[in-house]
Amino acid sequence: MLAARYGEKPGRLAVGGRSVSCWWIEVSKIRDGISEEGEGWFAGMVSRKVGDGLSTSFWFDRWVGDVPFCRRFSRPFNLAENKMATIASMFSLGWEERGGAWQWRRRLWA
């Protein structure tokens, strides 16, 4: 039904068609990751709420800033023993200086 109304491109619905609505144009922009500022809609408009930290990866999710820690702090990430740790597990192990969350494959440079 949507293909008949809006048209179809190879493998996806088109934006045009017989009777395109402004609502459908906006939905297609979200689908294609386009915002008015030119950045991806999802990355530009959505942020992650950490909550209890049980399902948020310390290293891989963007929970502080716009870059995951595995990219922002690539050297410590490469040396980390607990690459799959969640925020909750890091917190419970103690992430203060010399806390149990910081486990390295070898000693870090001073």
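Out of the residues in segment 74-109 that are surrounded by 14 or more Cβ atoms within 10 Å (Cβ to Cβ) and aromatic (Phe, Trp, Tyr), state the one that is nearest to Lys49 (Cα to Cα).
Phe91
Quick check on segment 63-81. Is at least one of its residues polar (S, T, N, Q), under 28 Å from Arg107 (Cα atoms), modelled with pLDDT of 85 or more and assigned by TED's automatic domain parsing to the domain that holds Trp102?
yes
Only residues in segment 82-110 that are in contact (Cβ under 8 Å) with a residue 60 or more places away in the chain and on the phi < 0 side of the Ramachandran plot count as the first member; pair them with residues that are part of a loop (DSSP other than H, G, I, E, B) and surrounded by 12 or more Cβ atoms within 10 Å (Cβ to Cβ), Cβ under 9 angstrom, at least 6 apart or cross-chain, and list the lot.
From residues that are in contact (Cβ under 8 Å) with a residue 60 or more places away in the chain and on the phi < 0 side of the Ramachandran plot, there are no pairs.
Before we move on, is Phe60 in a helix (DSSP H, G or I) and either in contact with a Pro (Cβ under 8 Å, 6 or more places away or on another chain) or free of Cβ contacts under 8 Å to residues at least 60 places away in the same chain (or both)? Quick ask: steps written out before the conclusion?
Working: in a helix (DSSP H, G or I): no; either in contact with a Pro (Cβ under 8 Å, 6 or more places away or on another chain) or free of Cβ contacts under 8 Å to residues at least 60 places away in the same chain (or both): yes.
When the stated conditions are applied, Phe60 does not pass them.
The values are calculated or read from the model by the stated rules, or taken from the named source; none is laboratory data. Keep in mind it's a predicted model, so treat the numbers as computed, not measured. Note that we place each Cβ from the backbone using ideal geometry, even for glycine, and neighbour counts take in every protein chain shown.
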